[in-house]
Amino acid sequence: MPPPWVTYSPLLPLALLLFTGLYLFVLPYATNRRSGRTEPRGSRARMSMKKSGASQGQSASELISKRIAELGDWRGKTLSRMRTLIKEADPDVVEEWKWVKPTKPGTPVWSHDGIICTGESYKNVVKLTFAKGASLKDPARLFNSSLDGNVRRAIDIHEGEEVDESAFKALVRQAVALNSSGKSKPSKKAKS
């Protein structure tokens, strides 16, 4: 029979491993109890990310206006102008605030029976991405980005650039008509 220290020595690391695991499992709950919360920290963040509409009691329109004001430079003016053109092209458009993440405050979205387009601002460009842009006719060639995709198309607007207002409104109206018809692409039989 082996000596007792050989028999019982593997139990010490196993016990240490067990208590460490229990400590790491209980730690978030114990921390939350002290701060008055009952669920783990990450679960509240995950729940808030699922919400696609307004946050903190503000409407999507208010959040979009706030975003435009925060930009404050040519990007804010450009996004505001494009927002106005979208509303002129489709008075029934619905403004939404989607895809809120801890690293990103959210994205303005304009919808009518589905997403028409999103409005994002980057350092050097304001990007309007049409969800079904590949299915839209663009005789004025406004689409200048995301041209390789099968579904989306985007318009990148750089500082000082102007967008043909009537052509842009026509694109918005086409997107609304496409969303209302329920089709995402013209059928192959219709082309023949």
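The values are calculated or read from the model by the stated rules, or taken from the named source; none is laboratory data. Keep in mind that this is a model prediction, so the values were computed, not measured. FYI the Cβ positions are ideal-geometry reconstructions off the backbone, even for glycines, and counts take in every protein chain you see.
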Of all residues in the stretch 79-102, how many are outside any strand (DSSP E or B) and among the basic types (Lys, Arg)?
-> 3
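Okay, residues lined up against (1) touching a helix residue (DSSP H, G or I) at 6+ places or on another chain (Cβ under 8 Å); (2) charged (D, E, K, R); (3) in contact (Cβ under 8 Å) with a residue 40 or more places away in the chain:
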{"residue": "80", "(1), (2), (3)": "yes, no, no"}
{"residue": "91", "(1), (2), (3)": "no, no, no"}
{"residue": "107", "(1), (2), (3)": "no, no, no"}
{"residue": "113", "(1), (2), (3)": "yes, yes, yes"}
{"residue": "143", "(1), (2), (3)": "yes, no, no"}
{"residue": "169", "(1), (2), (3)": "yes, yes, yes"}
If you scan the stretch 117-147, which residues turn out to be among the aromatic types (Phe, Trp, Tyr) and either in a strand (DSSP E or B) or in contact with an Asp or Glu (Cβ under 8 Å, 6 or more places away or on another chain) (or both)?
-> 130
Of all residues in the stretch 60-97 being among the hydroxyl-bearing types (Ser, Thr, Tyr) and touching a strand residue (DSSP E or B) at 6+ places or on another chain (Cβ under 7 Å), the one that is nearest to residue 109 (Cα to Cα) = 61
Quick check: anything in the stretch 115-135 modelled with pLDDT of 90 or more, more than 18 Å from residue 68 (Cβ to Cβ), among the basic types (Lys, Arg) and touching a helix residue (DSSP H, G or I) at 6+ places or on another chain (Cβ under 9 Å)?
-> yes
Take residue 109 and decide whether it is in a loop (DSSP other than H, G, I, E, B), touching a strand residue (DSSP E or B) at 6+ places or on another chain (Cβ under 8 Å) and closer than 28 Å to residue 59 by Cβ.
-> no
Within the stretch 37-48, identify whether any single residue is over 30 Å from residue 92 (Cβ atoms), modelled with pLDDT under 80 and more than 32 Å from the chain's Cα centre (by Cα), and answer yes or no.
-> no
Within the stretch 72-92, which residues are over 18 Å from the mean Cα position of the chain (by Cα) and of a type outside the set (D, E, K, R)?
-> 72, 74, 76, 78, 80, 82, 84, 85, 86, 89, 91
